[in-house]
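In what follows, a structure is listed as C-alpha cells, so that the remarks can point back to it.
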C-alpha cells in the first residue's frame, strides 16, 4: 500500500442526507471510498456506518478531513471515529490455564492475520504454565489472583492497561470473573470468549451442562464484557454438531476448536473497525 | 424388497456378552444383520443398540426369533422391541395457524421419504386456515381450544389418538401447551418442534427474544414432549447464521426453513427406530 | 408500506466521487437511502452498488429522479436500473419430472416469501405428473420435447416468455439442456439449479458421480444459464455432510433439500435486485 | 485406563454370521465390546467393521485372542488387524513453506489430542523457514528437492520412513508432487491435505481457480495419496462460505483454517483406526 487508508465509523439518529453529506465531504477532500457498509436500525432509528477510504493522489490532508467530518457530525448529532489503518491497535491478552486461544492468536498474529501490536500477555498462572508457547518477546506479567487480593490484582491490571497504552483487552480463556467496577472501566474495549452458545449454559462448566441437557450442537460466543456476566453484546458465535457418543471431555476438546475460531474472528473484526455497539447488541459489518 | 426386514432396538445394563448373545440368536434363527449401532453410556452403565436384520433365505420365523430374543432379554434384563419395517407407524399430525411444517411433512410423505401412515390431521383452527394444503384424503379434525374447554379438547384429542391407533403424535407448530396430564400420557410418543435453539429462548416468541439478545445464529429444536415445557429429551437441532440486518420477521421467515428440516429429520429418525430414550437425553443412531 | 420504495442497481468503471454523486442526487430529489451496498472489484476496476431508497415525505417524483440519475450515469459511464419495489417481477417456472423445487417455490410464494407474479408453469411432462401440486390458478403449459421437435419446442417456449411478459425464467429441475441459441437469448434472466457443488460433477447423474468419488459433502448450485453448460455465473451454493452409509438414492433424497433451499435463495435474491453480474461471476449483496 | 484396550478392524465378503462369530470369539476370550461400527457395502458386497474392546477382569490374553480371530478370519476370508491402543502410531510429518497445518498438529499433539509419536519432521525448506515453531525435540530433516535430485531426495525420504519406523506419513502442505513410485510405496499410509473441495480445482493454485470461477464456498480435502494426483480416497472434507468481497489472498487466509481442521480430523481418525479403505473410497466410522 503506497499511501495510507482510513476507517471511518459513525452512528447517529437516522434522517435523510447522511450518506450524501459524508460522501461529499470525503470526495471534496480528495478521498476515495473503497468500502462502505451501513445499517438503519428501524427500531431505534439510529444509523450506523463504516467507510474505508484512501486518497489515490496523495492529496488528502487528515486534519482537513477531520475538520469537515466534525462539521458534518455536528449537523447530524453523530458519534464518529477516523482511524489510520497503519496505526495498529495495541492489545493486551489475558489467559488462565488453558492457552489454546492464546496459542491460536499468537500464531495468527505472526502470520500477519491480525493487524495489532501485542502490548502484553497477562496470566494468573506463572510463565511455566505456558512453557510450550513462544511469546516472541512480548512482555509477560504474572498476576495471580486469590479471593483476598482480587481488588489489588485488578488495580495492577488496570494500571498495566494504562501504562502499556492498551486499547483492547482480550480475555482468551481468562477464567476469572471481572469485578463490576473493572468491567465497567473496560466497557466496549474488552472481548471475552465464553465456551457456550449463549444464552444457553451461562456460568461455570458449560460443556458439562450441555452434555447433561443432551443438546445436539455445542458452541462458543465472543462478546464485549459488561458488568452482567455473560450478558454483554455478542460479536460472534459458532457451533459444531456433536453426538451422544461424546463425553463432556470430548465436548471440551471439540469446543477448543470452536472457541479459537470464534475469538479470532471477533478480534479481527474489532481490529478492522467492523464491530459497532448498538445498545445491547452489535452491528458487525462483515463485508 | 422381496422379503421383510426388521428393526430391533434394545437397552439394558451393560456387561460383557450382550452383542455375542444377540448376534448369535439372530444368526441361529436365519437372520442376517444389515446394520448395527450400539452405545455404551459410561456414566449410567447402560447399553443401547439398534440392529437391522433381514433373512436372505426366507427362513426366518418372527415368532421363533421373538422367543429366542425374549430369552436373551431375560438373561440381560433388557428392554427390547422388534418391528417389521413393512408395518408403518400410524402418526397423528397437529398444527395451529402456521402450517409450513405440516406442508413439508405432507410433501415428503407423498414423495415416499417418510415411511408412515397419517392417521389424522388435527388443528385448533378450521380447515380454511389450511386451504392451500391438499390433505390427500387424510381425515381432518378441527378441535378448537379455549381457556374453558381445554380439558374437554384434550380428552377429545386423546380419544382420537386411541381410536385412530396413532402410535406417534407430531406437534407440527401446534401452539398450545399440553397439560401435564396429556404430556404424561403421550410420553415418548409425542414430538414437538420448538422454534429456538434450546435451552436458549424457551417460551413464547423465541425469535423476538433472539433478536433482542443479538445472537448471531438462530435455531430450532425437535424434542419429545414432557410435562416440563421445552425441557423434553432433544432429538435434533440445527441453526442458521443471521445478521444485524435481520428483523424479528426475517428471523421468523428463516426459522421456518430450520424448523421444517429439523422436524422432518427427527420424525424420520423416530420412524426408522433410530431414536432411543436415555434418561433425559436421547441416543440417535444416525448411521 | 404507505409509500413506494425503489431499488437502484448500478455498475461503472471505478473512480472517486461516485457515491457522493449518487447519494446527493437521491437526497436532492427527496429520497432517503434505506440500504446501500457497494463493491469495488480491484481486479476489473469496476464499481457495483445496490441502493434501496424511499421518500419519507411522499415528495419524490420518479421521473425527476430518473432524470438526475441519468445525468450522473452519463458522467460516470454507468449502467443502472431503478425499479419500484411494488412492481413485481413476472416469472416463468419450468420443471421436468421431479417437482420438489417447484413445490417449494409455490409454497414460499403463497406464504409471501417471494415477491413475484408467476406468469406460467411449463413442463415437458403432462399436468398429471404434477397432480399433487396445486398450481393456484397459474396457467400450465405442457411443452413436450423430443430429439426431433426441440427447435420447435424452444420457439414455443420463447414465444410464451414474450407473450406472458416474463422477465425471469427459473429452471426448477428442468432436465433438458437448452440450445446455445435459447441460452443466449435468456442470458442474465434464466436461473438453473444444478444438483452438484460445481465445478465438481458437471453433467448427468451428479449424485452418482459424487457417490463413486467418495466425497464427504454433497451440494447444489444455482447459476445463470449460459451457452456453456454448467459454467454460468454462480449465484448460490450450499452443501450437506454425507457418510459412507449413504447410497446414491440417499444422496438424491438429501440433495432435494439442498436444491430447494439453494434455488429459493437465489430466486429471492434475484427478485430483490441483490445479484449483479460481474463478468463470469456474480456479486450478491446479501445484507 | 487401568488395563489395555484394543481396536479391531476387519473387512470381508458379506454373509450371515460374521458379527455373531466375531462377537462370540471376543466374549469367549474375556473381552468386552466397548464400541462397534459396521458397514455393509451393498454394491461391492463387502462387510467392514471396527470394534473397540477391553477386558474388564484382566483375563484377556492377546495371543489367544489373535489365534481365535485368525480362525474366524480364515472362515470368512477376512482381512483384519488388532492393535493395542497403548501402542502409539509413529508418524512422519512433511511440510514445505507454509507451516500452519504443522503448527496446528504440533499444538494438538502437545495437548494430547493426537495419540501418536512424531518420528520426524521433514521439510524441503531449511529449519529457519519454520523458526517460529518449537519442534519439542522431534528430529528435523531438511531434504531440499530440485528437478535434478528428486529421485535421490525421495530415496532419502523413504529410507527415513523406514529407519524411523514411521507407519504414517502426513503431507502437511508439502507442496511437492510425489513420484508414482513413492506414492505407490506409501499407499494407504500417507495422508495429504489438498487445498480445495475435490474434485473441484485439482492441481496448482486452487484458491485462485476458485476465485476465478466465482464459487460461494471454498473447501479442503484430506485424502490418501495415490499415484493419481488429487484422486486418492477422500478421508475428510469441509467448506466455508465466502463472498464476492474475498480476494484470492482472503481465500488463502480462510483456507488455512479449513485445511487445519480437515487435516487434523483425518489424522485423528486414522490414528484411532476409524478409516478403512473401501476400493477408491473410504469408510470413516465417526461414532
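Some observations on this one:
- So residue C:93, is it crowded, with 19+ Cβ neighbours inside 10 Å and not in a loop (DSSP other than H, G, I, E, B): yes
- Residue check for residue A:281: free of Cβ contacts under 8 Å to residues at least 24 places away in the same chain, farther than 30 Å from residue D:112 by Cα and either facing another protein chain (nearest Cβ under 9 Å) or buried (at least 23 other Cβ atoms within 10 Å of the Cβ) (or both): no
- Each residue in the stretch A:124-156 was checked for being away from chain D (no Cβ under 14 Å) and free of Cβ contacts under 8 Å to residues at least 40 places away in the same chain, and 22 of them qualify.
- Residue list for the stretch A:225-245, filter: part of a loop (DSSP other than H, G, I, E, B) and either at the interface with chain B (Cβ under 7 Å from one of its Cβ atoms) or farther than 21 Å from residue A:190 by Cβ (or both): A:233, A:242, A:243, A:244, A:245
- Here the stretch A:206-222 is the region considered, the condition is being at the interface with chain B (Cβ under 9 Å from one of its Cβ atoms) and closer than 15 Å to residue A:263 by Cβ, and the residue that is nearest to the chain's Cα centre (by Cα) is A:221.
- Among the residues of the stretch C:188-205, just one is free of Cβ contacts under 8 Å to residues at least 24 places away in the same chain, within 11 Å of another protein chain (Cβ to nearest Cβ) and closer than 14 Å to residue C:252 by Cβ, namely C:201.
- So residue D:7, is it over 30 Å from residue D:156 (Cβ atoms), touching a strand residue (DSSP E or B) at 6+ places or on another chain (Cβ under 6 Å) and touching a residue at least 12 places away in the same chain (Cβ under 8 Å): yes
- Any hit, the stretch D:219-230, residues being under 29 Å from residue C:208 (Cβ atoms), out of contact with any strand residue (DSSP E or B) (no Cβ under 7 Å at 6 or more places or on another chain) and free of Cβ contacts under 8 Å to residues at least 12 places away in the same chain: yes
- Qualifying residue in the stretch C:178-195 (condition: in the same structural domain as residue C:106 (by TED's automatic domain parsing), touching a strand residue (DSSP E or B) at 6+ places or on another chain (Cβ under 7 Å), closer than 30 Å to residue D:279 by Cβ and not in a helix (DSSP H, G or I)): yes
- In the stretch C:4-42, the residue that is surrounded by the fewest Cβ atoms within 10 Å (Cβ to Cβ) out of those that are in contact with a helix residue (DSSP H, G or I) (Cβ under 9 Å, 6 or more places away or on another chain) and away from chain A (no Cβ under 11 Å) is C:13.
- Residue match in the stretch A:203-224 (condition: in contact with a helix residue (DSSP H, G or I) (Cβ under 6 Å, 6 or more places away or on another chain) and assigned to a loop (DSSP other than H, G, I, E, B)): no
- Unmet criterion (only one of (1) outside any strand (DSSP E or B); (2) facing another protein chain (nearest Cβ under 9 Å); (3) over 30 Å from residue C:249 (Cβ atoms)) for residue D:64: (2)
- Any chance residue B:110 is farther than 22 Å from residue B:142 by Cβ, touching a residue at least 12 places away in the same chain (Cβ under 8 Å), within 11 Å of chain C (Cβ to nearest Cβ) and surrounded by fewer than 19 Cβ atoms within 10 Å (Cβ to Cβ): yes
- Residue within the stretch D:243-254 that is assigned by TED's automatic domain parsing to the domain that holds residue D:190 and at positive phi present: no
- Of the residues in the stretch C:13-25, at least one is part of a helix (DSSP H, G or I) and farther than 24 Å from residue A:46 by Cα.
So that you can scan it fast, the table gives a plain yes or no per residue for (1) assigned to a strand (DSSP E or B); (2) touching a helix residue (DSSP H, G or I) at 6+ places or on another chain (Cβ under 9 Å); (3) in the same structural domain as residue B:176 (by TED's automatic domain parsing):
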| residue | (1), (2), (3) |
| --- | --- |
| B:49 | yes, yes, no |
| B:53 | yes, yes, no |
| B:56 | no, no, no |
| B:72 | no, yes, no |
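- Subset tally (residues that are farther than 28 Å from residue A:269 by Cβ, part of a loop (DSSP other than H, G, I, E, B), at pLDDT 95 or above and out of contact with any helix residue (DSSP H, G or I) (no Cβ under 6 Å at 6 or more places or on another chain)) for the stretch A:116-145: 3
The values are calculated or read from the model by the stated rules, or taken from the named source; none is laboratory data. These figures come from a predicted structure and were not determined experimentally. With ideal geometry, Cβ positions are generated from the backbone for all residues, glycine too; neighbour counts draw on all protein chains shown.
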